[in-house]
Structures are given as structure tokens and as C-alpha cells.
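The numbers here are math on the coordinates, done by the rules we state, and not lab data. Quick caveat, the model's predicted, so the values are computed rather than measured. Positions of Cβ are generated from backbone atoms using ideal geometry, with glycine treated the same way; all protein chains shown enter the neighbour counts.
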Amino acid sequence: MSVVPFSAARFTPADLEFNRISLPRCAHGLWSAVSRQTTRDSDRLGVYIAGGQRPLFTVERDRSGSYSLFYHDSAESHRIGFGRTVADCLAIWQERPAREGHATN
């Protein structure tokens with residue numbers, strides 16, 4: 001029996017954490033689409049906004065199994081998140097509890 005090794009560059013079922021963040025944003029119109037691009041060296045999810053020709057954000061898993069979150073402006077890409085898990089990488093989008101003593105109107 002042959003066993004085909006699972007590439008460390010591929011998203012895993014545990015990476016569905018991204019869906020918890022992306023689905024509500026797409027439903028509310030903040031993001032227009034999410035696409036996936038898989039290569040030998042990485043697995044990438046691109047986040048698009050309405051009218052965008054290229055992704056505004058990408059979430060990537062590389063061959064070492066590490067995750068990166070990139071913001072793409074008109075000229076270049078900026079890594080704004082990194083981690084050993086997708087949750088660590090996406091911490092910038094995690095819900096934060098309201099600070100005490102601050103009114104929310």
C-alpha cells in the first residue's frame with residue numbers, strides 16, 4: 001500500500017477558522033468574494049472587495065506550515081499577520097471585548 005504524503009503547504013480542515021471570519025463579512029457586503037489558489041509551494045486565499053481586480057488581502061500557508069496574512073495596496077504587499085496556526089495569523093480580525101468605561105453608541 002502506498003501512502004501519499006500530505007503537503008505542508010495545503011490548508012487543513014482546522015483552517016476553517018477563516019470561514020468564521022470571512023462568511024459574515026461576505027454576507028454583509030464588506031467582502032465581495034474569496035478565491036483559492038494552490039501551488040506546489042503554497043495555498044492561498046484571496047479576499048476581494050467589490051470592483052477589485054486583485055485581492056485586497058491574502059491568507060497563505062507555506063511549505064513549512066506557517067501562515068501569513070498580507071494586505072495589498074496599489075503598489076506592494078505588506079505582511080500584517082503571521083503565525084503557526086491560522087488563528088494566530090488572523091488575530092488582527094478577531095473580535096475584541098469592549099473596554100470597560102467606554103460608551104458604545
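For this structure, a couple of remarks:
- Counting only DSSP beta bridges with both residues in the stretch 13-93, the antiparallel share comes to about 100 percent.
- Test item: Cα-centred dipole of the chain, Lys/Arg +1 and Asp/Glu -1 on Cβ, debye: 160 debye
- Phi angles across the stretch 85-94 convert, under the Karplus curve 6.51 cos²θ - 1.76 cosθ + 1.60 with θ = phi - 60°, into 3J(HN,Hα) values of 10, 5, 5, 4, 5, 9, 4, 4, 9, 6 Hz, Gly and Pro given as x.
- Sorted by Cβ neighbour density within 10 Å, fewest at the top, the residues T85, T39: T39, T85
- Dipole orientation for the chain: of the candidates F70, N19, W93, N19 has the Cα lying most toward the positive pole (charges on Cβ; Lys, Arg +1; Asp, Glu -1).
- Value of [θ]222 nm, deg cm²/dmol, for the chain, DSSP H segments ≥ 4, -39500 (n - 2.57) each, nearest 500: -3500 deg cm²/dmol
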